[in-house]
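The values are calculated or read from the model by the stated rules, or taken from the named source; none is laboratory data. If you're wondering where the values come from, they're calculated on a predicted model, not measured in any experiment. Quick reminder, even Gly has a Cβ in these numbers, built from the backbone with ideal geometry, and neighbours come from all protein chains shown.
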Amino acid sequence: MSNQNPSNRKGSNRISVIVSLLVGGLALASFTLSFDALQKLAVEKQVVPQKLGWIFPLVIDGGIVVFSLASLEASLRKKSAKALQFLVFFVTAGSVFFNISHVPEFSWLAIILAATPPVLLFFSFEVLIHLAKDRMEIKYIEQREEAEKPLSKEARLQEVRKLHAQGLNAKEIAERIPHVSVRTIQRDMNTRANK
């Protein structure tokens, strides 16, 4: 059972939305900074012609985004995401290496600054994945709680009538209605028969 009351859930939802927007903004800014460095490096090292310089960073940093989202999707489906998480780490390491390679002269500060955008992009998506998983778990708990709520007597009688009309016996009906015994279903069926 969820231990949050509705007002706490609303506050938590608002905070989650704000954090998601900020994380998305951070990811976009990190992607942009890394994109620029990778584009300049690819053109400078003649990996691609100048007019196609935008493709190299799109492939590298775009890979971080794509593999992160694929990892999220796999984990939400309760599938193994280890291979995808490895790809996220591998492509992030490549982006860090290429960003550092773009530093014109050796300086620890320059290296740290160059490595920061892809690392922040990686962590931004990790936070986004964590938030999405939490939201999915909260929605699942809320749906389960709603489904497990006992029906009012009138709603239960209606449901018993409907299921009995479909040809189900008391035991089969009790299996479909949570928190109601076979004996109660039999009483409900007898009440209906007596009316």
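Below is a table of values for the structure above.
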item: Search result, residues across segment 59-71 that are over 18 Å from residue 120 (Cβ atoms) and touching a residue at least 12 places away in the same chain (Cβ under 8 Å); result: 70
item: Test: residue 181 is assigned by TED's automatic domain parsing to the domain that holds residue 66 and hydroxyl-bearing (Ser, Thr, Tyr); result: no
item: Where a residue in segment 10-22 is in the same structural domain as residue 128 (by TED's automatic domain parsing) and its partner, wherever it lies, is surrounded by 11 or more Cβ atoms within 10 Å (Cβ to Cβ) and not aromatic (Phe, Trp, Tyr), with Cβ under 7 Å and at least six apart; result: 12/4; 16/131; 16/135; 19/131; 20/128; 20/131
item: Checking residue 105 against (1) in contact (Cβ under 8 Å) with a residue 12 or more places away in the chain; (2) more than 24 Å from residue 131 (Cα to Cα), the condition it does not meet; result: (1)
item: Test set (1) without any contact (Cβ under 8 Å) to a residue 12 or more places away in the chain; (2) surrounded by 14 or more Cβ atoms within 10 Å (Cβ to Cβ); (3) within 25 Å of residue 18 (Cα to Cα) - residue 124 fails condition number; result: (1)
